[in-house]
Amino acid sequence: MPVARTHCVGLVGVTGRLVEVEADVGPGIAGTHFIGLLDTAISEARGRVRSALINSRFAWPDARVTVSLSPATLPKRGSIFDLAIAIAVLGAAGAVPAQRIAAPMFLGELGLDGRVRPIRGVLPAALAAAEAGVRTVVVPALNAAEAALVPDLTVVPVVTLAELVGWLRSGDLHRLPVVADAASLSQDAEHADHADHADHADHADHADHAEHGGYAGRVEDASRAAGPYGGDRGAPGPDLCDVAGQPMGRKALEVCAAGGHNLWMLGPPGSGKTMLAERLPTLLPPLGQETALEVSAIHSVAGTLPPGRPLLTRPPFMAPHHSATMAAVVGGGSGGVVRPGAVSLAHRGVLFLDEAPEFATTVLDSLRQPLESGTVTIARAVGAVTFPARFMLVLAANPCPCGLQGTVGHPCKCTPAGRRRYLDRLSGPLLDRVDVKVKIGRATRAELLADRHFVETSATVAERVRLARERAAKRLAGTPWRTNAEVSSSALHRDFRLPDAAMAPLHRGLDVGTLSARGLDRVLRISWTIADLTCKDRPGQAETSAALALWLGVD
């Protein structure tokens with residue numbers, strides 16, 4: 001019998017690599033042999049595939065069956081290869097035409113009864129298929145909308161192995177529902193996402209593939225992820241006008257949203273730090289089509305895409321608990337399976353660390369690399385995996401362990417050494433990468449009543465943020481940067497150099513030692529954002545002074 005060939009995709013991080021699946025049914029001692037640098041899940045596929053074929057009324061070859069997944073040097077993990085292996089074996093045994101299985105790509109996990117179960121990572125796998133020139137992809141029915149987001153790709157959803165074999169034998173596309181209109185699905189997903197940004201599933205470094213009727217298993221972990229609009233469908237989401245008595249906090253949020261800057265808030269419990277952080281995503285513009293696909297691909301690999309809504313069009317909001325491990329925040333896993341962490345799930349969105357000094361020091365310091373490069377690289381014995389991690393970092397901290405320092409009527413009982421040790425957990429190099437620092441105090445009754453007349457809705461502030469970002473985008477056209485926070489140091493001092501009069505406050509800060517060289521670049525980026533918000537062509541001394549105050553955390 002001839003060797004049958006078909007294709008699947010192996011995922012390395014959020015990047016798909018084309019894998020050729022070959023099956024040979026020939027003479028020899030009856031048995032099944034898999035080769036090609038496989039993990040345990042694929043080695044166990046022989047049992048799943050055999051039972052799925054038999055229970056679908058197809059005979060398992062009574063011969064020597066050899067299945068090869070190439071390239072052999074690429075590590076292959078997960079149950080995504082089940083469907084391709086089954087089809088290749090059927091092709092080699094002559095149960096389906098070998099020429100009809102060579103062009104399509106097959107993705108899916110098989111149940112013992114022949115059902116095709118949903119899997120993680122369908123979106124990046126479909127993107128890799130399209131880049132490799134594949135035009136037809138067969139996926140589990142519950143993953144069809146996700147795969148159909150990729151343009152110029154015909155998606156064939158299947159529920160059982162038997163109906164797929166019937167289609168392959170007949171060649172009649174009408175035997176199965178074919179999804180070919182990716183644009184309409186993208187629009188539907190976008191409308192649904194605007195209507196209600198559902199909570200993401202929890203993510204863990206010990207993630208396992210739980211089986212249920214959604215896109216992928218839900219994962220339990222110490223990290224918590226919430227959509228920016230949260231709540232039940234139809235319930236009103238958080239709005240900036242809910243935060244009264246914190247005009248400086250709201251202004252800092254607007255500046256950070258307009259320029260993509262990181263934020264540190266210091267204040268006692270109950271002052272509104274968490275409320276402010278949760279409303280930051282409501283000020284950010286929706287994700288563009290390319291960015292939405294990139295963000296959705298990360299969540300697809302992690303298994304956190306909301307069921308029925310495969311395209312995330314709003315910036316994600318991740319808020320891991322302070323007990324989260326290094327792997328939960330940065331990414332990692334066991335058994336060679338590397339999953340994205342909170343920093344990658346917050347890509348193009350917001351990562352909020354509440355009670356930041358309570359996080360492990362190693363976890364906090366691990367944020368320095370992604371803050372600088374926009375990526376995080378996880379090295380393992382089997383190789384290194386790189387995930388995107390371009391996020392806005394928001395840190396919130398109490399002024400002392402008890403949180404009562406500076407609170408009227410509630411004296412703080414912490415020792416000076418205890419306060420110093422508490423805040424010293426946030427290292428200087430980490431805080432040096434935070435652009436905006438603001439102190440949040442408890443508002444009095446009079447301040448709350450007076451500020452009610454000045455609060456603005458998220459929609460009002462988001463419009464100013466949108467206009468400011470458009471000004472920045474026009475200025476940065478032709479460069480690799482999208483926001484002021486991403487502009488390189490060399491470009492700040494060469495292409496966007498400010499006159500000496502505007503630089504005077506910053507030169508004084510350098511002279512007296514209150515401003516470092518890295519801090520100077522941060523202040524310059526903030527000053528450009530303030531200029532964009534005030535519709536100025538370039539920052540003046542007023543903008544640089546205001547930016548310096550925000551960077552220093554001066555009231």
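If each residue's Cβ is checked for other Cβ atoms within 10 Å, how do 309, 442, 494, 135 rank with the fewest at the top?
Details: 309 22, 442 17, 494 9, 135 12.
By the 10 Å Cβ count, ascending, the order reads 494, 135, 442, 309.
Considering only alpha-carbon pairs that sit under 8 angstrom and 6 or more positions apart, the relative contact order computed for the stretch 4-180 is 23 percent. Under the rule a/c < 1.5 gives rounded, and otherwise a/b versus b/c splits prolate from oblate, where does the stretch 345-487 land using the Cα gyration tensor? Verdict is oblate for the stretch 345-487. Using the alpha-carbon atoms, what tilt in degrees (0 to 90, nearest 10) does helix 500-512 show relative to the longest principal axis of the chain? Around 90 degrees separate the two axes. Taking Cβ separations below 4.7 Å as the criterion for a possible disulfide partner, the isolated cysteines in the chain are 8, 241, 256, 402, 412, 535. For 256, 535, the sequence from fewest to most other C-beta atoms within 10 Å is 535, 256.
For a paramagnetic label modelled on residue 37 (point 7 Å from Cα along Cα→Cβ), amide N atoms under 15 Å away belong, within the stretch 74-113, to 74-78.
Extension gain, residue 289 to residue 70, is 75.6 nm, computed as 0.36 nm per intervening residue step minus the present C-alpha separation.
Rounded to whole numbers, the Karplus 3J(HN,Hα) couplings from phi for the stretch 465-470 are 4, 4, 5, 5, 5, 5 Hz, using 6.51 cos²θ - 1.76 cosθ + 1.60 with θ = phi - 60°, and x at Gly and Pro. Taking the Cα atoms of the chain, the ratio Rg/Rh between the radius of gyration and the Kirkwood radius comes to 1.05.
Per q in 0.16, 0.20, 0.21 Å⁻¹, report the Debye log10 I(q)/I(0) for the stretch 405-555, using one uniform scatterer on each alpha carbon and no solvent. Here the Debye-derived log intensity ratios amount to -1.03, -1.27, -1.32. Between the stretch 1-75 and the stretch 492-555, the C-alpha centres lie 60 angstrom from each other. Rounded to the nearest 5, the antiparallel percentage of DSSP beta bridges internal to the chain is 50%. Taking the average, over residues, of other Cβ atoms within 10 Å as the packing measure, peptides 73-80, 444-451 rank 73-80, 444-451 from highest down. Taking a ≥ b ≥ c as the square roots of the eigenvalues of the Cα gyration tensor of the stretch 4-180, is the shape rounded (a/c under 1.5), prolate (a/b larger than b/c) or oblate? Because a/c hits 1.5 or more and a/b fails to exceed b/c, the stretch 4-180 counts as oblate.
Of the cross-linked pairs 273/474; 439/536; 251/273; 251/474; 439/474, those separated by over 25 Å at the C-alpha level are 273/474; 439/536; 439/474.
Each of 305, 311, 37 was scored by other Cβ atoms within 10 Å of its Cβ. Listed from fewest to most, they are 37, 311, 305.
In this structure, the amide hydrogen of residue 19, modeled 1.01 Å from its nitrogen in the peptide plane, lies closer than 5 angstrom to those of 8, 9, 10, counting only residues at least 5 positions away or on a different chain.
Cα axis of helix 247-259 to longest principal axis of the chain: angle in degrees, 0 to 90, nearest 10? Computed tilt is about 50 degrees.
Only beta bridges with both residues in the stretch 4-180 are counted; by DSSP, about 60 percent of them are antiparallel.
Working from label points 7 Å from Cα in the Cα-to-Cβ sense, the residue 490 to residue 535 distance is 3.6 nm. Computed from Cα atoms, the angle from the helix 289-302 axis to the main principal axis of the chain rounds to 70 degrees. Could you let me know the centre-to-centre spacing of the stretch 118-170 and the stretch 248-272, using Cα atoms, in angstrom? That distance is 43 Å.
Read-outs throughout are calculated quantities, based only on the coordinates presented, and are distinct from any laboratory measurement. Source: prediction; values computed, not measured. Positions of Cβ are backbone-derived with ideal geometry, glycine not excepted, and every protein chain shown enters the neighbour counts.
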